[in-house]
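The next block holds one structure in the form of structure tokens; read it before the comments.
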Amino acid sequence: MASPHHPADPRSTNQTASPPARDDSVDSNQPDHKAPPVLRLRISTWDLVCTVLLLALLVYLATATNWPVRLFGFLAKVCDDETCGPVPYGIDFYIRPVAWGGIGAAIAAAGIGPFVSLLKGWYMSFWPVLALGILMVSSAAGFLLTIFSERYWL
């Protein structure tokens with residue numbers, strides 16, 4: 001049953017009635033006065049400096065030293081011929097994907113990670129360290145797969 005009072009009327013006894021609908025006819029030509037969301041980047045100077053220095057160190061280690069050969073030198077020992085003996089469960093087929101996947105994941109972490117941190121408001125300096133850790137783990141996993149497979153290639 002309808003109430004005889006307007007819902008905004010303080011004398012109204014119907015407390016469950018909804019408030020009146022917004023009248024759009026008055027300001028139909030006016031745009032909404034809501035401000036667009038503002039993206040605020042929280043950057044600390046020490047974090048930015050550490051991130052740039054660590055990324056520069058990673059690039060230097062990857063290009064100007066023999067560090068890649070030491071980490072991924074086992075790839076030269078991988079048997080590619082059909083003359084290689086079968087390895088249980090075909091583990092030797094995973095050596096190159098593990099090595100190159102680790103390199104790709106490390107590049108992605110070092111390249112994209114700081115931008116994600118900027119947008120999320122996190123510290124950025126852990127991404128180059130994470131990239132280094134990914135390289136070490138992929139190198140160790142590929143090396144262990146190569147050592148295991150070598151005895152079957154003979």
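Every number here is computed from the coordinates shown, using simple stated rules; none is lab data. No experiment lies behind these values; they were computed from the predicted model shown. Please note: Cβ atoms are built from the backbone with ideal geometry, for glycine as well, and neighbour counts cover all protein chains shown.
At-a-glance table
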| quantity | calculated |
| --- | --- |
| Dipole of the stretch 45-153, positive end: most advanced residue of C50, A76, F148 [Cβ charges, Cα centre] | C50 |
| Prolate/oblate/rounded label for the stretch 45-153 (Cα gyration tensor, a/c 1.5) | prolate |
